[in-house]
Amino acid sequence: MDVLSKVHEIGVVPVVVLNKVEDTVSVIKALHDGDVPVAEICFRTPCAAECIKLAVKEFPNDLIGAGTVINAKQCEEAIACGAKFIVSPGLSKSVAEVCKKHNVPYLPGVVTPTEIMEAIELGLTTLKFFPAGVFGGLKAINALGAAFPQVKFMPTGGVDNSNLKEFISCNKIIACGGSWMCKGTPEEITAKCLEARRIIKGE
């Protein structure tokens, strides 16, 4: 199964910010134990590359990706560390080129029709809608989805377990991203993940 199909099956992508390498295993294990074997480790901390490398080594069957990737250099580094997918807050042509070269899925951030058209021209049709809560949420996704039927979105920002059901029921959405699952103790993280998975499965 390819990466994006697996992301769709899981339905959520936790956005993980790690400030210490030693926190990596406990956080990723908490997600894994919560039936969410995927993590977007943000590239905005000094130890991000090391955290990705460790997560990939300790959880080889999980989908460990890199988020907040804003240039080609970061993208090359993340992929060298084993990142299985790349996410950006915006659309970067240079990041798209690196991902294409390495055959790694790239989910750039978009909010406007122009950005979506630029992404489509780069061959990208699975896009991060960010920050979703600020830019119209589900209403905007439905409107943009009607204009661009070939595109699927991963809304991030403004989504949590209280509105996850509403978002995930939209056929324009591949999965929902967010940091809400990653807050608290490992036990609390696992509980939030299990709840998210119950919502996605309609239990």
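The values are calculated or read from the model by the stated rules, or taken from the named source; none is laboratory data. In this text, all values refer to a predicted model and were calculated from it rather than measured experimentally. Cβ coordinates were reconstructed from backbone atoms using ideal geometry, including for glycine residues, and neighbour counts include every protein chain displayed. Side chains included, ligands, DNA and RNA excluded: accessible areas come from the protein's heavy atoms. Shrake-Rupley method; radii C 1.70, N 1.55, O 1.52, S 1.80 Å.
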**Report entry** Odd one out for ILE79 among (1) without any contact (Cβ under 8 Å) to a residue 60 or more places away in the chain; (2) of a type in the set (A, V, I, L, M); (3) farther than 26 Å from ASN19 by Cα; (4) crowded, with 16+ Cβ neighbours inside 10 Å
**Finding:** (3)
Report task. Only residues that are in contact (Cβ under 8 Å) with a residue 60 or more places away in the chain and of a type outside the set (A, V, I, L, M): list them for the stretch 82-128, please. Result -> LYS84, PHE85, PRO105, THR126
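Can you tell me which residues in the stretch 105-127 are more than 14 Å from the chain's Cα centre (by Cα) and open to solvent by less than 10 Å² (accessible area, probe 1.4 Å)?
Of everything in the stretch 105-127, those that are more than 14 Å from the chain's Cα centre (by Cα) and open to solvent by less than 10 Å² (accessible area, probe 1.4 Å) turn out to be ILE116, ALA119.
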Query raised in the report: If we scan the stretch 61-68, do we find a residue that is surrounded by fewer than 24 Cβ atoms within 10 Å (Cβ to Cβ), in contact with a Gly (Cβ under 6 Å, 6 or more places away or on another chain) and either in a loop (DSSP other than H, G, I, E, B) or without any contact (Cβ under 8 Å) to a residue 60 or more places away in the chain (or both)?
Result: no
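Yes/no per residue for (1) open to solvent by 20 Å² or more (accessible area, probe 1.4 Å); (2) of a type in the set (Phe, Trp, Tyr); (3) under 15 Å from the mean Cα position of the chain (by Cα):
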residue: PHE129; (1), (2), (3): no, yes, yes
residue: GLY133; (1), (2), (3): yes, no, no
residue: GLY137; (1), (2), (3): no, no, no
residue: ASN163; (1), (2), (3): yes, no, no
residue: GLU166; (1), (2), (3): yes, no, no
residue: CYS176; (1), (2), (3): no, no, yes
residue: CYS182; (1), (2), (3): yes, no, yes
residue: THR190; (1), (2), (3): yes, no, no
